[in-house]
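Participant: Would you mind keeping the following structure in view while I ask a few things?
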Amino acid sequence: MPEAQSDFIFSAYSEEVGMIGNLFLISLYFYLAYYFLSRLQYIRNEYNKII
């Protein structure tokens with residue numbers, strides 16, 4: 001990439017950190033999605049589950 005000021009943040013990030021950094025970032029996204037989806041089962045109110 002010729003310049004880091006583009007619309008593609010992930011490609012600028014991956015140029016800087018490499019494959020290990022990309023795997024870390026993707027696994028962080030999956031972990032956060034799993035965490036928030038697993039917390040939904042403890043919410044009793046159906047309206048709050050939607051939010």
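Participant: What full-extension length gain, to one decimal in nm, is calculated for PHE8 and LEU25 as 0.36 nm per residue of separation minus the Cα-Cα distance? Don't skip to the end; give the middle numbers.
Facilitator: Details: separation 17, 0.36 × 17 = 6.12 nm, distance 1.48 nm.
Gain on stretching PHE8 to LEU25: 4.6 nm.
Participant: Say R0 is 35 Å: what FRET efficiency, to the nearest 0.05, do GLU16 and ILE50 get from their beta-carbon distance? Let's see the in-between values first.
Facilitator: Details: r = 38 Å, r/R0 = 1.08.
Here the calculated transfer efficiency is 0.40.
Laboratory data are not the source of any read-out in this text; all were calculated from the coordinates shown. None of these values were measured; they are calculated from a predicted model. Cβ sites come from the backbone with ideal geometry, for glycine too, and all protein chains shown count toward neighbours.
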